[in-house]
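Colleague: Following this message is one structure expressed as structure tokens.
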Amino acid sequence: MKSRISKVAAFVGVATLALGLSGCSADQESSAEAATSTSAAAAAPLDYATLLIKASDIDAGWTVRNTSPEQNGVTGIFGNSEGTEKITSAVIVRANADDASAAVAAAKDEMARQSGGASFSPIDVGAGGGLLTAPGGTTVVAFSEGKAFSILEFNSTTGERVPDEVAIAIAGKQDAAIKAGLK
């Protein structure tokens, strides 16, 4: 099964499209982006990497394998020392909390559709938090926090599924990192 988090950019595009279809014309969206850019330029630039969890937040023996910038965000890939488990976390910052909530809802809908109809179960992480267990052992957690949204994907080369409580605990740590970084 293809990695769903590797398609985060596509989900971000879907979420952007969904937000763009909500009544803003391209000119209005460009004006809003320009206004956001202007106000953002006055504030100190945000280092999106500070919004990611740390490898030590996951467990001993975990390391950061890769980080890559996204438009208004970052994706980090973490792996265990045996090379059998991987967690990918993407954090994308939007203009406001409503945009982040809409983006995570659109991403959750798309991931559920791609998984063949599996659905997200509500969890108590961030706003709109949900957990999806896809066929093949992949677990996905998605939520928004303030003006950011995050999608975490848990994979194992052995096909063993991460326990829900472990995925939720790690997502809670990701939520805390976002809260601390967006102050």
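The values are calculated or read from the model by the stated rules, or taken from the named source; none is laboratory data. Since the structure is predicted, the reported quantities are computational estimates derived from the model, not experimental observations. FYI the Cβ positions are ideal-geometry reconstructions off the backbone, even for glycines, and counts take in every protein chain you see. Protein only, heavy atoms only, side chains kept; ligands, DNA and RNA dropped before computing areas. Shrake-Rupley method; radii C 1.70, N 1.55, O 1.52, S 1.80 Å.
Colleague: Identify, from the list Gly130, Gly126, the residue that is within 16 Å of Ala90 (Cα to Cα), surrounded by 19 or more Cβ atoms within 10 Å (Cβ to Cβ) and without any contact (Cβ under 8 Å) to a residue 24 or more places away in the chain. Break it down into steps so the answer makes sense when it comes.
Modeller: Numbers: Gly126 fails: without any contact (Cβ under 8 Å) to a residue 24 or more places away in the chain.
Only one candidate passes the filter, namely Gly130.
Colleague: Within the stretch 149-167, can one find any residue that is open to solvent by 50 Å² or more (accessible area, probe 1.4 Å), of a type in the set (A, V, I, L, M), under 30 Å from Glu82 (Cβ atoms) and not in a loop (DSSP other than H, G, I, E, B)?
Modeller: From the stretch 149-167, those open to solvent by 50 Å² or more (accessible area, probe 1.4 Å) are 157-158, 160-161, 163-166; that's our starting set.
Next, from what is left, pick out any that are of a type in the set (A, V, I, L, M): 166.
Retained after the next criterion (residues that are under 30 Å from Glu82 (Cβ atoms)): 166.
Among the residues that remain, those that are also not in a loop (DSSP other than H, G, I, E, B) are: 166.
Checked against the condition, which is being open to solvent by 50 Å² or more (accessible area, probe 1.4 Å), of a type in the set (A, V, I, L, M), under 30 Å from Glu82 (Cβ atoms) and not in a loop (DSSP other than H, G, I, E, B), the stretch 149-167 yields at least one hit.
Colleague: Which residue out of Thr88, Thr84 is open to solvent by less than 70 Å² (accessible area, probe 1.4 Å), within 19 Å of Leu131 (Cβ to Cβ), out of contact with any Gly (no Cβ under 6 Å at 6 or more places or on another chain) and polar (S, T, N, Q)? Outline the logic, then answer.
Modeller: Working: Thr84 fails: within 19 Å of Leu131 (Cβ to Cβ).
Going through Thr88, Thr84 in turn, just one is open to solvent by less than 70 Å² (accessible area, probe 1.4 Å), within 19 Å of Leu131 (Cβ to Cβ), out of contact with any Gly (no Cβ under 6 Å at 6 or more places or on another chain) and polar (S, T, N, Q): Thr88.
Colleague: Mind checking which residues of the stretch 131-154 are over 18 Å from Val166 (Cα atoms) and hydroxyl-bearing (Ser, Thr, Tyr)?
Modeller: Within the stretch 131-154, Ser144 is the sole residue that qualifies.
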